[in-house]
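The structure under discussion appears below in the form of structure tokens.
The values are calculated or read from the model by the stated rules, or taken from the named source; none is laboratory data. A quick note: this is a predicted structure, and the numbers were derived from the prediction, not measured. So basically every Cβ, Gly included, is an ideal-geometry build from the backbone, and we count neighbours across all protein chains shown. When the accessible area is computed, the model is the full protein with side chains, heavy atoms only, and any ligands, DNA or RNA have been set aside. Shrake-Rupley method; radii C 1.70, N 1.55, O 1.52, S 1.80 Å.
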Amino acid sequence: MASRRTAQFELSIEDLDRELIARGAQIPREELFKFKDRGGTPARDDVMSRIKGLYEAASSLSPNPTLASIDIWELVRLLLHKSRQLEENRKRGIWYEDHRMDFNGIKDERVKKNLNCVAAIMLKDNLIDEKNGFSTIKVKNYGDVFNLSEIESFRDQPISSGRLWSGFLVKKDIIATAGHCVRESTMKDLRIVFGYKMLDPYTPVIQVSNENVYNCVKIISLVYTPKNNGADWALLQLDREVQGQEVAELSKDDVAPLQPVYVIGHPVGLPLKYAAGARVRSVEDSLFLADQDLYMGNSGSPVFNSDTHEVIGIVVRDDTRDFRWTGKGWVSIIYPNSLSRGSQCTKASEFIDFLNGDYRDIEIMPGVVDTQKLPQIFISYSHKDREFVNQLTMDLEKAGMSVWVDEKKIKVGDPISQKVEEGITGCDYFCLVISGHSVKSKWVDREYRTALNRQLSSNTTLKILPLIIENVELPPLLEDIRYANFSMDYNIGLNELLDALK
């Protein structure tokens with residue numbers, strides 16, 4: 001026993017974290033460690049029995065055979081022990097190490113030029129017109145919003161209060177971005193903003209000239225095939241030609257494995273970031289995979305060939321977890337692990353031909369968007385939280401989602417239980433609204449158990465997404481699942497949810 005324990009403590013924090021991710025385990029929140037004993041009490045036995053099935057299925061994915069015999073609670077205990085050392089060695093990162101840099105730290109002139117082609121895309125409600133020729137981006141403190149550890153990079157910088165993603169200039173009046181971020185219903189509310197960056201380590205630019213704020217007047221073309229891992233891109237025509245910014249050079253060459261690349265964008269809604277040190281891992285029909293340092297908010301970011309500085313693709317999908325809990329705050333997850341394939345990027349060759357010809361005369365082209373394949377969302381909630389759910393339903397439908405809510409789907413005379421079961425069976429995402437009312441609702445509990453049983457079956461891809469609207473104790477089975485937090489700020493919670501639904 002002593003020798004085995006010594007060997008375990010010699011494992012790195014990266015080894016332990018990868019093992020837990022491979023087993024499907026989000027690092028639990030602090031509340032999960034209220035059972036301090038090693039077992040034997042009815043309370044702990046009850047918790048363990050309810051989550052045993054989830055972890056047993058995932059443990060077969062273990063990437064480290066030497067850890068296969070160690071249960072998940074021992075791994076978590078070891079990880080917490082190792083996490084305390086973070087304050088001393090200050091090592092952390094995304095893929096092996098964190099390569100992200102601010103605008104002011106870039107030395108390469110060709111990279112600096114490419115920084116000027118990247119824009120932040122947001123909705124107009126996230127901008128305040130100061131009536132003096134300038135607009136201010138609504139922001140909050142990054143570290144406070146995500147309860148970040150003190151060692152986390154950029155924790156004192158601002159992040160956008162509302163949803164924000166990335167795009168880049170491909171012609172003087174055309175922006176390219178990820179197709180899943182764009183909807184015709186919200187097209188006129190989009191604002192494309194250049195210049196959101198850090199002037200120096202302590203000075204963010206959140207007030208920008210209105211000359212650097214552009215409207216979207218047309219979707220030139222949009223392709224989004226989410227369930228087939230297919231192409232995902234959109235071209236947006238702006239209300240006028242962009243002045244003072246660079247137009248990206250697009251590559252016509254094939255993407256090659258091991259090609260060194262870098263990405264520029266707005267991770268988590270932060271000011272503009274540049275991240276090098278990545279390579280293409282594999283190439284598919286319309287996509288390639290790369291080991292890039294990415295977060296939510298990087299969707300739509302351009303990926304550049306490090307040798308030619310040409311755009312070879314657009315970031316469209318990535319691993320769904322950005323952070324893990326250390327006991328003193330959240331820190332960025334370190335990849336790779338056995339399940340991480342890398343970020344999916346649509347090849348530039350998929351849309352480069354659409355930039356030829358007189359695009360100003362082209363009507364809106366929906367491309368190959370398949371509305372039947374857009375996310376189907378079931379919302380489980382207490383009717384005492386109806387006001388929140390009504391607002392959420394409206395925002396999700398504006399974003400192009402198909403939403404199942406009982407008041408809209410169940411008519412007078414319909415069998416309620418049957419309709420609810422049909423709704424859960426047909427959904428891709430089960431959104432569980434958690435509040436003081438819903439945790440006491442027998443009907444919500446029944447819907448949740450129906451969804452959980454379906455999730456545990458082998459022939460489904462259903463995901464359960466907890467939405468916290470009040471600070472209440474989570475059901476034990478949800479304690480280690482990342483949730484969208486609406487309790488502090490509705491827009492932050494919506495942003496997190498929409499990113500999970502992409």
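All but one of (1) modelled with pLDDT of 90 or more; (2) surrounded by 22 or more Cβ atoms within 10 Å (Cβ to Cβ); (3) under 30 Å from residue 188 (Cβ atoms) hold for residue 316, so report the exception by its number. If we test residue 316 against (1) modelled with pLDDT of 90 or more; (2) surrounded by 22 or more Cβ atoms within 10 Å (Cβ to Cβ); (3) under 30 Å from residue 188 (Cβ atoms), just (1) comes out false. In the stretch 249-305, of all residues being of a type in the set (Asp, Glu) and touching a Pro at 6+ places or on another chain (Cβ under 9 Å), the one that is nearest to residue 121 (Cα to Cα) corresponds to 293. Within the stretch 182-189, does at least one residue satisfy the condition of being in a loop (DSSP other than H, G, I, E, B), touching a residue at least 40 places away in the same chain (Cβ under 8 Å) and farther than 19 Å from residue 491 by Cα? So far as the stretch 182-189 goes, no, none of its residues is in a loop (DSSP other than H, G, I, E, B), touching a residue at least 40 places away in the same chain (Cβ under 8 Å) and farther than 19 Å from residue 491 by Cα. Pairing each residue of the stretch 284-295 that is more than 14 Å from residue 259 (Cα to Cα) with any residue that is aromatic (Phe, Trp, Tyr), provided the two are 6+ apart or on different chains, yields C-beta distances under 7 Å for 293/95. Of the residues making up the stretch 427-466, just one is farther than 14 Å from residue 497 by Cβ, of a type in the set (Lys, Arg) and crowded, with 17+ Cβ neighbours inside 10 Å, namely 454.
A count restricted to the stretch 225-248 and to residues that are in contact with a Pro (Cβ under 9 Å, 6 or more places away or on another chain) and either part of a loop (DSSP other than H, G, I, E, B) or open to solvent by less than 10 Å² (accessible area, probe 1.4 Å) (or both) stands at 2.
All told, residue 491 meets the bar of being polar (S, T, N, Q), at pLDDT 75 or above and within 17 Å of the chain's Cα centre (by Cα).
Residues in the stretch 249-268 that are at pLDDT 90 or above, not in a loop (DSSP other than H, G, I, E, B) and not aromatic (Phe, Trp, Tyr) were compared, and the one that is nearest to residue 169 (Cα to Cα) is 250.
Number of residues in the stretch 174-190 that are modelled with pLDDT of 95 or more and open to solvent by 10 Å² or more (accessible area, probe 1.4 Å): the value is 0. Considering (1) over 30 Å from residue 261 (Cα atoms); (2) surrounded by 15 or more Cβ atoms within 10 Å (Cβ to Cβ); (3) at pLDDT below 85, the lone condition that residue 355 does not fulfil carries the number (1). Screening 258, 222, 238, 169 for residues that are of a type in the set (A, V, I, L, M) and in contact with a helix residue (DSSP H, G or I) (Cβ under 8 Å, 6 or more places away or on another chain) leaves exactly one candidate, 222. Here residue 195 meets the list (1) open to solvent by less than 10 Å² (accessible area, probe 1.4 Å); (2) in a loop (DSSP other than H, G, I, E, B) almost entirely, failing just condition (1). Once the stretch 126-151 is narrowed to residues that are within 22 Å of residue 487 (Cα to Cα) and of a type in the set (Phe, Trp, Tyr), the residue that is most open to solvent (accessible area, probe 1.4 Å) is 146.
Looking only at the stretch 198-224, filter to residues that are among the polar types (S, T, N, Q) and part of a helix (DSSP H, G or I); which one of those is surrounded by the most Cβ atoms within 10 Å (Cβ to Cβ)? It comes out as 212. Of all residues in the stretch 386-413, those being modelled with pLDDT under 80 and surrounded by 13 or more Cβ atoms within 10 Å (Cβ to Cβ) number 7.
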